[in-house]
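Since the structure comes first, as structure tokens, the remarks are kept for the end.
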Amino acid sequence: EAEAKAKAKAEAEAKTETVKITNAELIVKANDFYNNGNYSEAIKLYKLAADQGDSQAQLNLGGMYDNGYGVAQNYSEAFKWYKLAADQGNKKAQSNLGFLYLNGLGVSKNYSAAEKWYKLAAEQGYVEAQHRLGLIYAIGGYGLTKNAYEAFKFSKLAANQGYAEAQTAMGLLY
């Protein structure tokens, strides 16, 4: 009888055992919610993975706050999550930080910080950052020195990836 009770207890514990889910699985499920417009559920799952240090989840959560999907738009909160992802080398988060710094969204305008983050993303091959950095160098301003060589270099990198806006910019640089 004791053996039967022990077996029943073990079976009950096995049924109630918490299922472990990976961050990648959380993000897939969160993306499903996001794509179906269920932003509040997507945020919950992104946050679970983001709190565990997943840079993709941090990027996605930053995007939710940046765009006001399922939450009130909050650039400071977007900045927080983008920064966590960017510090781990996430190139899209780095580019997004560049944009926030350039425009003073959720953080004080800081053109040298914008340049730094765009450059980190651009050097990893992120086409949008390459294009924006090329424009910044072509136009100058923003507290940054106009630099035709750098403008050409970054615009060409983006154009070579088929980025139409950069291809147009290349035509204007010639």
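From the backbone phi of segment 134-147, what are the Karplus-calculated ³J(HN,Hα) couplings (6.51 cos²θ - 1.76 cosθ + 1.60, θ = phi - 60°) in whole Hz, Gly and Pro given as x?
Calculated HN-Hα couplings, in order: x, 5, 4, 6, 5, 7, x, x, 6, x, 10, 6, 4, 9 Hz.
Going from most exposed to least, what order do 135, 102, 61 have by accessible area with a 1.4 Å probe? It would help to have the intermediate numbers written out before the result.
Details: 135 65, 102 25, 61 0 Å².
Descending accessible area places them as 135, 102, 61.
Quick one: length gained pulling residue 41 to residue 4 fully straight, 0.36 nm per residue minus the C-alpha distance? All intermediate terms of the calculation are to be shown ahead of the outcome.
Details: separation 37, 0.36 × 37 = 13.32 nm, distance 4.19 nm.
9.1 nm is the gain from fully extending residue 41 to residue 4.
When the dipole is taken about the Cα centre of the chain, and only Lys, Arg (+1) and Asp, Glu (-1) are charged at their Cβ, what size is it in debye, to the nearest 20?
Details: 19 positive and 18 negative charges, 107 e Å.
The dipole of the chain has a size of about 520 debye.
Out of 141, 98, 62, any idea which swings most in a Gaussian network model of the chain, alpha carbons joined below 10 Å?
Among 141, 98, 62, the largest mean-square fluctuation in the Gaussian network model of the chain belongs to 141.
Taking trypsin sites (Lys or Arg not before Pro) as candidate sites, keep only those in a DSSP loop with at most 13 other Cβ atoms within 10 Å, then name the longest stretch of the chain containing none of them. Could the numbers behind the result be given before it?
On the way: sites that count: 20, 146.
Formally, the longest exposed-site-free interval is 21-145.
Using helices alone, I'd like the mean residue ellipticity at 222 nm for the chain: each DSSP H run of four-plus residues gives -39500 (n - 2.57), total over residue count, nearest 500.
Per the formula, -23000 deg cm²/dmol.
Can you give me the % of accessible surface on the chain that is carbon or sulfur? Probe 1.4 Å, all protein chains present, nothing else counted. Let's see the in-between values first.
On the way: 5100 of 9960 Å².
The C+S portion of the solvent-accessible surface of the chain is 51 percent.
Beyond a 28 Å Cα-Cα separation, which of these cross-linked pairs lie in this structure: 20/116; 80/153; 7/47; 80/146; 80/116?
20/116; 80/153; 7/47; 80/146
Of the listed values (1) 16.8; (2) 18.2; (3) 16.1, grab the one calculated as Kirkwood radius over Cα pairs in Å from the structure here.
(2)
Return the lysines within reach of residue 5: Cα separation strictly under 18 angstrom, same-chain partners fewer than 8 residues apart disregarded; answer none if there are no such residues.
The qualifying lysines are 15.
Would you mind getting the accessible area per residue of the chain, heavy atoms of the protein chains only, 1.4 Å probe, in Å²?
Values: 9960 Å² over 174 residues.
Ligands and nucleic acids excluded, the figure is 57 Å² per residue.
The values are calculated or read from the model by the stated rules, or taken from the named source; none is laboratory data. Keep in mind that what you see is a predicted model, and the values were worked out from it rather than measured. Don't worry about glycine lacking a Cβ; one is built from the backbone with ideal geometry, like all the others, and counts go over all protein chains shown. What goes into the accessible areas is simple: the full protein's heavy atoms, side chains included, and nothing from ligands, DNA or RNA. Shrake-Rupley method; radii C 1.70, N 1.55, O 1.52, S 1.80 Å.
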